[in-house]
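This report refers to the structure that appears directly beneath it.
The values are calculated or read from the model by the stated rules, or taken from the named source; none is laboratory data. All figures in this text were calculated on a predicted structure; none of them were measured in a lab. Here Cβ is always computed from backbone atoms with ideal geometry, including for glycine, and neighbour counts include all displayed protein chains.
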Amino acid sequence: MKKILITQSNYIPWKGYFDSIQNCDVFVVYDEMQYTKLDWRNRNKIKSNYGIKWLTIPVKTSGKYFQKINDTKIADKNWNIDHWNKIREYYKNANCFNEMAEWIEPLYRNCEFEYLSEINFHFIKAINSFMGIETEIRFSSEF
């Protein structure tokens, strides 16, 4: 019997999200779910010298109250460079930063997608690979 996990995507999810992915055979990104504003779909917190800061991917929501996650478009194509610059600024003195930066910087610089689902998939897939998680990933819209 196969174990399947179905959940909406998040921007750089927490460790438990990846533990759940690792413990199933197929992970289905529920990308047809309604986009929820001010939620984890397009933002996450990081620590800085100035306290907790939000990294938010700007998305187009005006007049789109019931749009699906996979229909949510990015509002600023330079968000990825801004996020990378903030990560570099806040963590440049951290142990192993240079080693991790070699992996993280291209992940951000090459993230030039039009839709939020594509971005979240990009990060989830890359983090899975980095952590050695080989679970099959599918979009709910495929079914």
Completion exercise
Taking segment 1-39 and the residues there that are among the aromatic types (Phe, Trp, Tyr) and within 30 Å of Glu89 (Cβ to Cβ), the one that is farthest from the chain's Cα centre (by Cα) would be Tyr35
Handout entry: Test set (1) modelled with pLDDT of 95 or more; (2) surrounded by fewer than 16 Cβ atoms within 10 Å (Cβ to Cβ); (3) part of a helix (DSSP H, G or I); (4) touching a strand residue (DSSP E or B) at 6+ places or on another chain (Cβ under 9 Å) - Asn120 fails condition number
Key = (2)
Exercise for the section: Select from segment 40-66 the residues that are among the small types (Gly, Ala, Ser) and under 18 Å from Asp76 (Cα atoms) and write down the one among them that is farthest from the chain's Cα centre (by Cα). Expected result: Gly63
Practice task
Please state which of the following conditions Ile57 fails to meet, knowing it meets all the rest: (1) within 17 Å of Phe123 (Cβ to Cβ); (2) surrounded by fewer than 17 Cβ atoms within 10 Å (Cβ to Cβ).
Solution key: (2)
Problem - Members of segment 29-40 found to be within 14 Å of Ile124 (Cα to Cα), in contact with a helix residue (DSSP H, G or I) (Cβ under 6 Å, 6 or more places away or on another chain) and buried (at least 18 other Cβ atoms within 10 Å of the Cβ), listed by number - result: Asp31
Handout entry: Members of segment 61-77 that are assigned to a loop (DSSP other than H, G, I, E, B) and either surrounded by 11 or more Cβ atoms within 10 Å (Cβ to Cβ) or of a type in the set (Phe, Trp, Tyr) (or both)
Key = Thr61, Lys64, Tyr65, Phe66, Gln67, Thr72, Ala75, Asp76, Lys77
Problem - Close pairs from segment 126-143: first outside any helix (DSSP H, G or I), partner modelled with pLDDT under 95, Cβ under 6 Å, at least 6 apart - result: Phe139/Asp31
Practice task
Six or more apart or on different chains, Cβ under 9 Å: which pairs go from a residue in segment 88-115 that's under 30 Å from Phe139 (Cα atoms) and aliphatic (A, V, I, L, M) to one that's modelled with pLDDT under 95 and part of a loop (DSSP other than H, G, I, E, B)? Could you list them?
Solution key: Met100/Ala94
